[in-house]
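The values are calculated or read from the model by the stated rules, or taken from the named source; none is laboratory data. These numbers were taken from a predicted model, which means no experiment stands behind them. Virtual Cβ from ideal backbone geometry, glycine too; neighbours counted across all protein chains shown.
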Amino acid sequence: DAKTTQPPSMDCAEGRAANLPCNHSTISGNEYVYWYRQIHSQGPQYIIHGLKNNETNEMASLIITEDRKSSTLILPHATLRDTAVYYCIVSGTQGGSEKLVFGKGTKLTVNP
Amino acid sequence: ETGVTQTPRHLVMGMTNKKSLKCEQHLGHNAMYWYKQSAKKPLELMFVYNFKEQTENNSVPSRFSPECPNSSHLFLHLHTLQPEDSALYLCASSQDRGFRTGELFFGEGSRLTVL
């Protein structure tokens, strides 16, 4: 089972920041937070991941609370192409192959 | 373009047919995965191959038979499927460095319909 809780859906206006929350209150000390997104009828796409520090890349920013029990993915200037299902995943780093368990995610709709 | 190619993109088959899904990755990765995504359900991990060896089988019925002849190719052989097996089958790859990075590269998926 997924170890995260996300709202089932969110709306955002084009050009505005989209802030997607995720709760992971049972996260362990060696587990990372990963974010993926899946645009309709495509495979999921990696966005970003972090352990405890905030992270930023060309796609998004990840803000993790100090107690690590929740995080927020920020798309700074949402576009219509950012409409997708966003998955927040918690997973450890031991072992070589990935053991990502996807939940139901948040369906983000960016409106014109 | 993710570097992971799946064929066919769409497949319709009867319950008595035998078909195969193919996945090829051009990223030099050494781990490959099959996921299943049914309507309105989360992605389910089916199989994991690491350096051509199967390391995970998530209680998948034997009518699904994976094959990994080398680190670049992964097949899913299908036989005697049921209508409830209709789903999007996704292949993914990653680089096993002895620790996880959380970065999977997915293909576009093969949409399977079982009549």
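Inside the range A:59-112, can you point out the residues that are hydroxyl-bearing (Ser, Thr, Tyr), closer than 30 Å to B:Phe51 by Cβ and in a loop (DSSP other than H, G, I, E, B)?
Result: A:Thr93, A:Ser97.
Return only the number of the condition from (1) closer than 23 Å to A:Val101 by Cβ; (2) at pLDDT below 90 that B:Lys52 does not satisfy.
Result: B:Lys52 passes all but (1).
If you go through the range B:1-47 one residue at a time, how many are among the basic types (Lys, Arg), more than 28 Å from A:Lys104 (Cβ to Cβ) and crowded, with 18+ Cβ neighbours inside 10 Å?
Total satisfying the criteria: 0.
Among the residues of the range A:56-103, how many are of a type in the set (Asp, Glu), within 14 Å of the chain's Cα centre (by Cα) and at pLDDT below 95?
Selection size over the range A:56-103: 0.
When you scan the range B:38-115 for strands (runs of 3 or more DSSP E) that lie fully inside it, which ones turn up with 3 or more residues that are facing chain A (nearest Cβ under 9 Å)?
Once the strands (runs of 3 or more DSSP E) in the range B:38-115 are filtered for at least 3 residues that are facing chain A (nearest Cβ under 9 Å), what remains is B:44-50, B:87-94.
Of the numbered conditions (1) surrounded by 16 or more Cβ atoms within 10 Å (Cβ to Cβ); (2) touching a residue at least 40 places away in the same chain (Cβ under 8 Å); (3) hydrophobic (A, V, I, L, M, F, W, C); (4) closer than 30 Å to B:Ser71 by Cα, A:Ile47 satisfies every one except a single condition; which is it?
Of everything listed in (1) surrounded by 16 or more Cβ atoms within 10 Å (Cβ to Cβ); (2) touching a residue at least 40 places away in the same chain (Cβ under 8 Å); (3) hydrophobic (A, V, I, L, M, F, W, C); (4) closer than 30 Å to B:Ser71 by Cα, A:Ile47 misses just condition (2).
Condition test on A:Glu66, is it within 14 Å of another protein chain (Cβ to nearest Cβ), out of contact with any helix residue (DSSP H, G or I) (no Cβ under 9 Å at 6 or more places or on another chain) and not basic (Lys, Arg)?
no
Residue-wise test of (1) of a type outside the set (Gly, Ala, Ser); (2) free of Cβ contacts under 8 Å to residues at least 24 places away in the same chain; (3) touching an Asp or Glu at 6+ places or on another chain (Cβ under 7 Å).
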residue	(1), (2), (3)
B:Met15	yes, no, no
B:His26	yes, no, no
B:Trp34	yes, no, no
B:Tyr49	yes, no, no
B:Glu56	yes, yes, no
B:Ser72	no, no, yes
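I'm trying to understand the selection: among the residues of the range A:1-25, which are among the hydroxyl-bearing types (Ser, Thr, Tyr), touching a residue at least 60 places away in the same chain (Cβ under 8 Å) and assigned to a loop (DSSP other than H, G, I, E, B)?
A:Thr4
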